[in-house]
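Every number in this text was worked out from the coordinates using simple rules, so none of it is lab data. Keep in mind it's a predicted model, so treat the numbers as computed, not measured. For neighbour counting, all protein chains shown are included, and Cβ atoms are generated from backbone atoms with ideal geometry for every residue, glycine included.
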Amino acid sequence: FSIETELRRALDSDQLDLAYQPLIDLRSGEVSGFEALARWVHPDRGEISPNEFIPVAEESGLILSLGRWAMHRAAASLAQWDEQAGHKLPISVAVNLSAIQVARDDVAAVVDDALRAANIGGERLSLELTESCIVQDPGRATRVFDALKSLDTTLAMDDFGTGYSSLAYLQRLPIDVLKIDRSFVSALMVDPDSVAIVRAVLSLAEALSMKTTAEGIETRELAATLAALGCDQGQGFFYARPLKADAALDYWRSRR
Ligand code: G
Ligand code: G
Ligand code: MN
Ligand code: NA
C-alpha cells in the first residue's frame, strides 16, 4: 500500500499519537508549556517520522483531518493534565499548523471547536505557523491570523529566519512569539555569524514587543547562553525529548 493509504488507515485506527516536548521559561526554569508533535508507530514498519508523513499528508489533503485530530487531542491532553493535577495548570499547549490548513479559512473554526470540546480557554493554546503560511496569499493569512487571535490564542512563527517572506509581515500580522530556528541555535557556540543572527532576532522581537523561544537547545552551555542573551523560552533535548502525555505531566511536576 502507498504511504498515503496507510496514513489514512492510521488516522482511522489510532496508530497516531502526540508526543509533548516541554517549553521552558529560561528565567524561572519552570515548564511554561508543551509542543505537541505527531508520532506514527506503524504495526509493521515501526516508527515513521513526521518529516516523512507530514509532507504526504499535505500533498494528499489528509493534513486537514490530521490537523483537526491533533488540535482536539492536544486540547484534550491539557484538560486531562488539569484534571490529574486537580487544578488548572499554568501552562499552554502548542500545536503546529500547516500552510495547507491556513489556506482554508475554516481553520479558526476547527481551533474553536477543539477549545470548546476540551473546555479550555484560547489563552492556553499556542499555534506554531511557518512563513510558508504567509507567502502564498498574504491577504488570506491576515484574515486567518486575525481570526485565530480573536480566539485569544498565542501565535508563534516557527523556524523563524529560514523562510522566504519579508520582515514586513511582522508589522502586519498579530504575531506574539518568534521561534528561533534550531540551525541558528545549534551553531551558537561555534559560529560568530549565528551569534549575530540570534542577537538580531532577540532585539527585533523586543522592539516589536514579541516573545522569543529558542529551539534545539542540546547543552547546558547553550541554555545558559540563551538565558544570558535574554531569550524568553527554550526547548530542546537538554531539557527533554518529546514525551508521552503522562510523562509530560510528571516532567512538569519535577520542575516546580
Ligand atoms: O517531532 P519532529 O522533530 O520529528 O517533527 C518533525 C517535523 O514535523 C517538524 O517540522 C514539526 O513541526 C512537524 N510536525 C510534527 N507534528 C506536526 C503536526 O501535528 N502538524 C504539522 N503540521 N506538523 C507537525
Ligand atoms: O519544526 P518544528 O520546530 O516544529 O520541529 C520540532 C522538531 O524538532 C521535533 O521533531 C523535535 O523532535 C525536534 N527537536 C526538538 N528539540 C531538539 C533538539 O534539541 N535537537 C534536535 N536535533 N532536534 C530537536
Ligand atoms: Mn514547531
Ligand atoms: Na523548527
- Set of lysines near K149 by C-alpha distance (under 26 Å), chain-local residues within fewer than 8 positions excluded: K88, K179, K211
- Helix by helix, which DSSP H runs in the chain go 27 Å or more along their axis at the Cα atoms and have an average Kyte-Doolittle hydropathy of -0.5 or more? 63-85
- Query: Once amide H atoms are placed 1.01 Å from N in the peptide plane, what residues at a sequence separation of 5 or more from H42, or on another chain, have their amide H within under 5 Å of its amide H?
  - Reply: E47, I48
- Task: Enter the mean projected area of the convex hull around the alpha-carbon atoms of the stretch 115-160, in nm², rounded to one decimal.
- Result: 3.4
- What span do the alpha-carbon atoms of the chain cover on each of the three principal axes, reported in whole Å from largest to smallest? 48, 44, 36
- Task: Using Cα centres only, tell me the gap between the stretch 182-220 and the stretch 54-100 in whole Å.
- Result: 26
- If R0 = 25 Å, then E47 and T5, at their Cβ-Cβ distance, give a FRET efficiency to the nearest 0.05 of 0.85
- Over all directions, the stretch 72-116 yields a Cα convex hull whose mean projected area in nm² is 3.3
- Task: Provide E215, E4 in ascending order of the number of other Cβ atoms located within 10 Å of each residue's Cβ, fewest first.
- Result: E4, E215
- Query: Once you list every other residue whose beta carbon is under 15 Å from the beta carbon of S186, what net charge do they have if Lys and Arg are +1 and Asp and Glu are -1?
  - Reply: -4
- Contour minus Cα-Cα span, A85 to R116, at 0.36 nm per residue, comes to 9.1 nm
